[in-house]
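**Q** Quick one: structure below, then a few questions.
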Amino acid sequence: MNQTTYRGSRSVRSPIQAHPTQFTQKKVQDTRDEEHPIREALRKLCGTYDLSATFSEDTSTLSTVKTPGLVAVQCILSKDGRPIGIGHGSTVVSRINRPSERTVFSVLNGSLMSAINSACKTLDVLRLEGADEQAASEKGAMYRGTYEPKEANISEPASDKQKAYLRQLVSINCDEADCEQWAAQIDDFTKNEASQAIQRFAK
């Protein structure tokens, strides 16, 4: 690396030498790596959406706006049968804007684009809900994976090491009569019962 040395022991970075943060920023911005976090997040959201568009005359607009020559269309965009966006398109037919197929198509396309713009906001909410549900599901799976094996030990017989250690604790902490009572029970203990007894004596 290029460094300029001035008087004294302290080295000064050359003005043409890149700052370390620039290397970090460049690495973060380099999305060519398939394992880049942004690409992984994007792949999770990619897929096929079952969308449908329903067009109809916008009677509400026609009854509200009393303009001669007004043509209005409403578009309802649905995902899996659930409406997620409503759009409106309209134009006024006149000497300047003569009626034609192009005029009709522009009204239909305008209502569709309006519905898509509205649906984008709904899709964002649905994606967030899906991410929250997935996070909750993963958390639940992690919880079950952590605690269920321990729950399974409730009916599993105590190990020889547990029994031997528990007998040692009983002999230290109990009198002869109690030792005999414990000795009659220890062989029938489960891992969970032995663990609880060991904790009790080890306090």
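Just so it is clear, none of the values below were taken in a lab; they were calculated from the coordinates. These figures come from a predicted structure and were not determined experimentally. Counting neighbours? That spans all protein chains shown, and the Cβs are built from the backbone with ideal geometry, glycine included.
**Q** Could you estimate the translational diffusion coefficient of segment 73-126 from the Stokes-Einstein equation, with Rh from the Kirkwood formula over C-alpha pairs, at 20 °C and 1.002 mPa s, in whole µm²/s? Let's see the in-between values first.
**A** Numbers: Rh = 11.9 Å.
In µm²/s, the coefficient is 181.
**Q** Would you pull out the residues with amide H under 5 Å of residue 190's amide H, same chain only if 5 or more places away, H placed 1.01 Å from N?
**A** Hits under the 5 Å cutoff: 158.
**Q** At what distance in nm do the modelled label points of residue 98 and residue 67 sit from each other, each positioned 7 Å from its Cα along Cα→Cβ?
**A** 2.1 nm
**Q** Along segment 42-59, what does the Karplus equation 6.51 cos²θ - 1.76 cosθ + 1.60 (θ = phi - 60°) give for ³J(HN,Hα), rounded to whole Hz, x for Gly and Pro?
**A** Per-residue couplings from phi come out as 5, 4, 5, 8, 6, x, 9, 9, 8, 10, 9, 10, 10, 9, 7, 4, 7, 5 Hz.
**Q** Using θ = phi - 60° and the Karplus curve 6.51 cos²θ - 1.76 cosθ + 1.60, what whole-Hz ³J(HN,Hα) does each residue of segment 174-183 get, with Gly and Pro shown as x?
**A** Working through the residues one at a time gives 10, 7, 4, 5, 5, 4, 5, 5, 5, 4 Hz.
**Q** Extension gain residue 199-residue 39, at 0.36 nm per residue separation less the Cα-Cα distance, in nm? Mind dumping the intermediate values first?
**A** Working: separation 160, 0.36 × 160 = 57.60 nm, distance 4.91 nm.
In short, 52.7 nm is gained.
**Q** Separate question: Please state the charge dipole magnitude for segment 156-202, taken about the Cα centre, from unit charges on C-beta atoms (+1 on K and R, -1 on D and E), reported in debye and rounded to the nearest 20.
**A** Here the size comes out at about 280 debye.
**Q** Give me the distance in nm between label points sitting 7 Å out from Cα along the Cα-to-Cβ direction at residue 108 and residue 175, one decimal.
**A** Placing both labels 7 Å beyond Cα along the Cβ direction yields 9.8 nm.
**Q** Below 8 Å, C-alpha to C-alpha, sequence gap of six or more: please give me the relative contact order for segment 156-202 in percent. Mind showing how you got there, number by number?
**A** On the way: 39 pairs, mean separation 27.8, N = 47.
Relative contact order, segment 156-202: 59 percent.
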